[in-house]
Amino acid sequence: MTLLDDRYTTPGVPQTVTTYLPAARQSTPDEITRRHKNRMGRADFLTVIVYFSVAVVLALFLADKGMTYFASPAKAITGLGIIAGLVGTDLLLVMLLLAARLPIVDRTFGHDKAIATHRKLGKPVFYLIIAHMGLLLIGYGLQSASNPIAEALTLLGSGNDMILAFVAMAAMTIVVVTSLVIVRRKLSYEFWYVVHLLSYVAVLAALPHQFSTGMLFAEGTWARPYWLALIILSLGSIVVFRFLVPIARSVRHRLVVSEVRLETPDVVTITVTGRDLHKLRARGGQFMNWRFWAPGLALKSNPFSFSAAPNGRSMRITVRDLGGQTHRLMTMRPGTPVTFEGPYGMLTEASRTTHSAVLIGSGIGITPIRALLEDPRFGAANITVILRGSTEENVYLWSEVYDLCVAKNVALRVLVGHRPRGVETWLSAEAFNRGDRLATLAPHIKDSDVFICGPTAWMDLVVKDAHRAGVPADRIHVERFEF
Amino acid sequence: MAGAGSAAIVAVGWMFGAQAIAATTAATSTSSAGANTQSSASSSGATPSASASASASASGSSSNAAGSGTNSGSSSSSGSGTTTSGVADGTYTGKDVFEPQFGGDVQVSVTFAGGVITDVATISCNASHGADQACPMLRSEAISAQSAKISTIGRATYTSRVYIQSLQSALDAAGYTG
C-alpha cells in the first residue's frame, strides 16, 4: 500500500486554514444526519411536484369533459393527441426548470444530475410533442374524412397561432436532432449553444396555440391561469437564475485576478479577489462558470472548480492547459476583471450523509477534492484521501493536499503511474498488481461518503468499484464536467 | 406516495369532468324541455293569426264536428304553412359537423310546425368551455331569424360556423328555402 510514497515525504509546514467565514467549525454527526434528511425531504418534495404536475394536466383534461373523447375511435385518437401535447409540454417546462440553475434544484440534486435528467427527458418530450401533432392530424382527419396532410393544411390556414405551432415543431426537431448528433460526434460547445437558443424559439412559438386553439386553456377557465403561471415560472426562472442573478453577482462582487502562479509548465493557479465574497456562500468542492475579460478569453465562460475552499476574501482555481482558451489562461495577467455564474455543485460538505468519507481525485480532478478537504466544516474521525496521476507531476497540488491531510489528521494514499494495459481499472498498474481495491485502500469505505472527481471514464470505474465495495448509490458523490 | 397522490389528482379531475358532463346533459334536457314548452307556447301564440283564419274557414266549411274542426284547423294551419314555406310538420335532423380547429362537433335538429321553425334542438355541442355556451345563443338567433343566416358568436367563431353548417343541412333536409 502506497502510504505517502517515499518520493513525497517532504512534509511542509501544515498550512494554516485562514477563514473569514462565520461558524467555521466541523460539522457534528447530528448536523450531517439532519442536513441529509432535509435534503432527502427536498428531493422527495421536488420529485412529487413533477409527478403531480403531470397528474394535474391530466385532471384538467378530464375535468374539461376529456372522457367524452373516448366515445369513438376517431375522437379517441384526438383525445390521446391532446393528452400527449399536455404531458409533453408539462415535461418540457420541467426540462426548463432543470436547466434554469434553480438554487433549490442545485442544492438538492446537484447541477450535474439536474442536467443529466434534463437530457434524459429530451427524447421522451420530443416524442410526446411529435405524437401530439401526429395524433391530432390523424384524429381530425378521421373526423372530417380528410387525410392528415390536408388536415395540416387546414390547420395552417386557420391562423397565425397554428403557423407558429408548426414553426415550434420544426425548431424543436432541429434542437433534438442536433443535440443527438452533438453527443455522438462531439461537436463544439459553441455550436450546441447556438442550436439550444432555438429551443427558446420552440417554447415561445408553441405558446399562442395553446391558449387560442387549445380549448382546455380557453378564456374564463381555471386551467388558463394555472398554465400561464407554470410557463411564467419556468421561463422566468431561466431569465432570473441564468441571466439576472449572475449579472447582479458579477457586478456586486467585482472579481479581479490577483495572482497567476504556474504550478507546472502546463498548470496554472489563478487567485481572484472581490468584494463581499463571504456573501456568495461558495463552498469547497463547488465550481463556477468563469469568464475572464482578457483578449481571446471574454467570448466564452468555462466551468472550473475551486482549488481552495473559498475563505470569504479570495477564491482560487487551478487549470490545466488543454489548448484553446485554457492555454491563454497560462499567461493571463493579474488585474484581469472576471465575471461568473455560480457557485454551483454538490461535491460539498453539505451533501455528506455520514461521518466518514473517502475523497478520490485524479489529475486535475484533484482540485475540487483539495478544496473540499480544506472546507473548515469538513472533518471526521475517518477520512481517507486517494490521489492518482499518471506521473508524479500529474498528481497536481499534492503537497498542498499533504499539508491539509497532516493538519486534519487524514490518511493519504497516492497512486502514481499509468493504468495497466487491457484491464478495466481506475488504479495504477502498481496498485492493481498488488491487488488493491477501494476496500483495501480505504477499509472504512462501506460506511463512508465517497467523493470522486476526475476524467469521466475513470470516474465510472471508481463508482463501479465503490458499488462493489458495498457503498450505496446515495453516498457516492461525483462531479461531471460535461455540457 | 407520488403515485397515489397523482392518482388522487387525476380522480378529482375525472370527478369534476363527470359532474360537468352530468350538468350539461341536464342543462340540455331542461333547456330542450324549456324549448319545447316555449315552442309550444310560441306556436300557440304564433298560430292564432294563422289559425284564426284557418279556424274561420274550417268552421265555415264544417261546423258539425268540433274535433274534425280543430283537426282541420291544425292541418289547414300546416296547409297555410305549406303555402309559405312548403315544409311539412316534423323534426329534421342536420349533419353532425366536425370542427377541425378544436376537434369539436355540433349537430342540431330543426322542428317545423306550420311551415315555420318552431325549435332548434342541440343534439351535440362539443366545444371548448366558453364555446359550448354559444349553442343556446345560436338556437334563439336561428329561431328568431327563421333561417341559418345568423351571425357568429364572438369567441366561438368556429363553433358558430359548424352550428350554422349543421343547421343549414337540417334546413336542406327539410327542403326549407327560408
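No value in this document is a laboratory result; all are computed from the given coordinates. Note that this is a predicted model, so its numbers are computed, not measured. Note that we place each Cβ from the backbone using ideal geometry, even for glycine, and neighbour counts take in every protein chain shown.
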Expressed in Å to one decimal, the Kirkwood Rh of segment A:256-344 from all distinct alpha-carbon pairs is 12.9
Ordered by fewest other Cβ atoms within 10 Å, a rough proxy for footprinting exposure, B:THR152, B:THR159, A:THR456, A:THR213 read A:THR456, B:THR152, A:THR213, B:THR159
Semi-axes of segment A:32-248 from the Cα gyration tensor (sqrt of 5 times each eigenvalue, largest first, whole Å) come to 32, 22, 16
Quick calc: nm separation of the 7 Å Cα→Cβ label points for A:PHE52 and A:MET40 -> 2.1
Fewest to most Cβ atoms within 10 Å: B:ASP89, A:ASP436, A:ASP474 sort as A:ASP474, B:ASP89, A:ASP436
One checks the Cα atoms of segment A:296-438 and finds Rg and Dmax, in Å, of 16.8, 50
P(r) of segment A:199-308 over all Cα-Cα pairs, 5 Å bins starting at 0, rounded to whole percent, reads 2, 9, 13, 18, 13, 9, 8, 8, 8, 6, 4, 2, 1, 0
So A:LYS123 and A:ALA298, fully extended at 0.36 nm per residue minus their Cα-Cα distance, gain in nm 59.7 nm
Cross-link reach from A:LYS37 to aspartates and glutamates, straight Cα distance under 20 Å and at least 8 residues apart if same chain, gives A:ASP106, A:GLU349, A:ASP447, A:ASP449, A:ASP474
Segment A:287-304 and segment A:218-285 have their Cα centres apart by a whole-number Å value of 14
B:ALA20 and A:PHE211 label points (each 7 Å along its Cα→Cβ direction) are spaced in nm at 1.9
Answer in debye to the nearest 20: the dipole magnitude of segment A:253-337 about its Cα centre, from +1 Lys/Arg and -1 Asp/Glu charges placed on Cβ, is 360
So A:GLU219 and A:LEU244, fully extended at 0.36 nm per residue minus their Cα-Cα distance, gain in nm 5.8 nm
Along principal axes, largest first, the alpha-carbon spread of chain A in whole Å comes out as 85, 48, 46
At R0 = 35 Å the Cβ-Cβ FRET efficiency linking A:ASN409 and A:ASP474, nearest 0.05, sits at 0.85
Quick note on A:LEU80, A:LEU86, A:LEU359, A:LEU92, ordering by fewest other C-beta atoms within 10 Å, gives A:LEU80, A:LEU92, A:LEU86, A:LEU359
Working note, segment A:365-446: Cα radius of gyration (Å, one decimal) and Dmax (Å, whole number) are 13.2, 41
Checked against a 22 Å limit on the C-alpha separation, the offending pairs among B:LYS95/B:LYS149; A:LYS120/A:LYS300; A:LYS75/B:LYS95; A:LYS113/A:LYS408 are A:LYS120/A:LYS300; A:LYS113/A:LYS408
The set of residues whose placed amide H lies less than 5 Å from the amide H of A:SER258, leaving out same-chain residues fewer than 5 positions away, is A:THR271, A:VAL272, A:THR273, A:GLY335
Between B:SER140 and A:MET67, the two model label points (7 Å from Cα along the beta-carbon direction) sit apart by a distance in nm of 3.2
At the level of C-alpha centres, the distance separating segment A:29-44 and segment A:136-196, in angstrom, is 43
